[in-house]
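Everything below concerns the one structure shown next.
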Amino acid sequence: MVKYPDYHDELIEDLKDHDEAVAYLNAAWEESLKGDEESQKLFLVALRNVAEAQGGLGKLAKRVRIRREQLYRILSPRGNPGLKIIRTLLIALGFNLRFC
């Protein structure tokens with residue numbers, strides 16, 4: 001059986017760079033607009049990865065004043081956050097939501 005390298009650690013390291021994180025979130029947002037269920041979950045996973053790279057979900061939860069467990073649920077593939085919480089999370093991570 002071929003063993004594939006774990007990309008997650010490298011991805012998290014790359015996402016520590018603000019410009020890399022912006023490009024990653026933009027790509028995930030664009031993909032999520034396809035409308036199918038799997039692509040819609042992609043943005044939440046991407047946001048979770050960026051949060052992990054930017055100090056972790058616990059730190060982000062403290063910044064936005066919600067329980068860490070609640071943030072894990074929000075950013076899970078089954079999460080269904082509203083625009084208000086997504087906006088709050090993006091601002092806390094130092095990002096803006098813009099449409100071109």
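Checking Ala61, Ala28, Ala51 one by one, the residue that is in a helix (DSSP H, G or I), surrounded by 14 or more Cβ atoms within 10 Å (Cβ to Cβ), at pLDDT below 95 and hydrophobic (A, V, I, L, M, F, W, C) is Ala28 and no other. Gln70 fulfils the conditions (1) more than 20 Å from Phe95 (Cα to Cα); (2) in a loop (DSSP other than H, G, I, E, B) except for a single criterion, (2). Condition first: modelled with pLDDT under 90, assigned to a helix (DSSP H, G or I), surrounded by fewer than 14 Cβ atoms within 10 Å (Cβ to Cβ) and not hydroxyl-bearing (Ser, Thr, Tyr). Can you find one or more residues in the stretch 73-81 that meet it? Within the stretch 73-81, not a single residue is modelled with pLDDT under 90, assigned to a helix (DSSP H, G or I), surrounded by fewer than 14 Cβ atoms within 10 Å (Cβ to Cβ) and not hydroxyl-bearing (Ser, Thr, Tyr).
When the criteria are applied in full, Ile12 meets the requirement of being touching a helix residue (DSSP H, G or I) at 6+ places or on another chain (Cβ under 7 Å) and among the β-branched types (Val, Ile, Thr).
Here Gly94 passes the criteria (1) assigned to a helix (DSSP H, G or I); (2) touching a residue at least 24 places away in the same chain (Cβ under 8 Å); (3) loosely packed, with under 15 Cβ neighbours inside 10 Å; (4) not acidic (Asp, Glu) except the one numbered (1).
The values are calculated or read from the model by the stated rules, or taken from the named source; none is laboratory data. Keep in mind it's a predicted model, so treat the numbers as computed, not measured. Cβ: placed from backbone, ideal geometry, glycine included. Neighbour counts: every protein chain shown.
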